[in-house]
Amino acid sequence: MQTVTWLALLVFLFTYALISIRRVRSVSIDRPAAALFGAMLMILLGVVTADQVLEAIDLNIIGLLLGMMIIVSCLEITGLFDRVAVLLMSGCADRFTLLWLSMGVTALLSALILNDTVVLMFTPILIKVCRSIDANPVPFLVGEALAANIGSVATGVGNPQNAYILIQSGISFSDFALALAPLAMISLAVAVGIVAMVFRKEIFDGGLGRPLPIDRSLVVSTAPRKRMERPFFLVLAVLVVVFVGFTASSWIGIPISLVAFLGGCFLLLALPLVKRDTSTAPILRGVDWTLILFFVGLFVLLKGVETSGLMDMMLDSFADMGAGVASVAGLTVISSLLSNLISNVPAVMLLSPGIPVGNDTLWLGLATSSTLAGNATILGAAANVIVVEKGLSMGVEVRLWDFVKAGVPVTLVTLLISVLFLS
């Protein structure tokens, strides 16, 4: 190997180790910091030039994520999640209904907006409901995390890695959704069944009988109530227009990244005009800037991997292992392992250069495997970590075994279904 290739390899391994470990002694290292540090090393060591840095940053992906985050922040400010909570709580007659309904709502919202935001807002509500009916929140929180990841598979804006795949693959938003929404629904049904079976003592009378009943008056009394107001309908209308734009983007010739970005920009000005007690500042505070910076760092880091020739060597090594990325099954194995080792976004960005544009089946396989594999452990996906950390802050501990005993079987079964579905 040439010197530049060795340098790229050392920086790559060091950076991905930091992303995976996330802690050095007592110091916590966030993923964006690790990725940006790796990008800095690539530049300082001469692996990547200044021109290549600007070339590496994909503004289409940044625009799509930023636009959707602004819209989601506006939805949060106008009380979407409170309204969903009222609808959810008023429809629950027993614990099994609460389980499948909460998982269904979480999955649906995760398909429409970024799943991390959904669990961030929904977890406190779910815990309050469980406490009001004297139920253990753990089964419902585990179900929520699994449903958030499964639901996010359905569209190209459900999670960050899907957004990246949607842009890189050239698959239209509607084709992506039509291909994977049925798989997401099947996987959700499987997850509901497995969670209910694993936690049957908390869900069913005596662990085997009828679902434990719920006093609806107690549940509804905990629900936050807000009047339907113009700001809410404004944001909802913009979200609908944006999704129509996503669907029609291939016909109108406007990329979905621009559709999302324009929708977000419109709300930055329009929402404060309609909702006088809101300014632009709280909207922008709701944007996950750490995720944006994480992508920027990875773009530059992987540009160094590509220009140094290291990427070709890595793809050849995958092929030599026998699995390669040429089949859905092989790609699923590699993607699942990498997603649990280094997180799903870096895994997707690492594997995507080996998948040709036009091979939609492999791109969709990458989307499903990188997302569904995250259900195996707490650290497998950001949504899982958010649910667990949010639960801890409210006095609810989801232990590793609590998560794994449902997450591993859900992961294995849904990955198998996805391979059969796409093959």
How high is the relative contact order of segment 3-422, in percent, counting Cα pairs under 8 Å that sit 6 or more residues apart?
25 percent
Segment 109-135 residues near the modelled T97 label - backbone nitrogen below 17 Å, point 7 Å along Cα→Cβ
129-130, 132-135
Which residues in segment 131-154 have a backbone N closer than 20 Å to a point placed 7 Å from the Cα of K405 along the Cα-to-Cβ line?
135-147
Sort 103-114, 28-39 for me by packing, meaning the mean count of neighbouring Cβ atoms within 10 Å per residue, highest on top.
103-114, 28-39
Furthest towards positive pole of dipole, A179, I113, I292, structure part the chain, Cβ charges
I113
Taking the Cβ of V72 as the center, what net charge do the other residues with Cβ under 12 Å away carry, scoring Lys and Arg +1 and Asp and Glu -1?
-3
Between A17 and E389, what FRET efficiency follows from the Cβ-Cβ distance if R0 is 30 Å, with the result rounded to 0.05?
0.85
Rounded to the nearest 0.05, what FRET efficiency do S90 and S250 give with R0 = 41 Å and r taken as the Cβ-Cβ distance? Could you check?
0.55
17 Å cut-off, amide nitrogen to a point 7 angstrom out along V357 Cα→Cβ, residues in segment 252-269:
253-258
Can you tell me how much longer the chain between L10 and L178 gets when fully stretched, taken as 0.36 nm per residue apart minus their C-alpha distance, in nm with one decimal?
56.4 nm
Could you give the DSSP H helices of the chain that reach 24 angstrom or more along their long axis (alpha carbon positions) and whose average Kyte-Doolittle hydropathy is no lower than 0.0?
3-21, 59-77, 95-112, 115-132, 173-198, 230-252, 256-274, 289-307, 400-422
Cross-link partners among lysines for K128, C-alpha distance below 21 Å, same-chain residues fewer than 8 apart left out?
K201, K226, K390
Kirkwood Rh for the chain from C-alpha pairs, in Å, is 22.2 Å
What order do you get for T5, T368 when you list them from fewest to most C-beta neighbours inside 10 Å?
T5, T368
Find which of S352, V153, A17 sits farthest along the positive direction of the dipole of the chain, computed with +1 on the beta-carbon of Lys and Arg, -1 on that of Asp and Glu, about the Cα centre.
V153
Is there a quick way to get the dipole size of the chain? I mean about its Cα centre, with the Cβ of Lys and Arg at +1 and of Asp and Glu at -1; what is the value in debye to the nearest 20?
1260 debye
Sequence gap at least 6, Cα distance under 8 Å: using those rules, report the relative contact order of segment 262-419 to the nearest whole percent.
17 percent
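Coordinate-derived values only; no laboratory data. Computed from a prediction, not measured in an experiment: that's the story for all the values here. With ideal geometry, Cβ positions are generated from the backbone for all residues, glycine too; neighbour counts draw on all protein chains shown.
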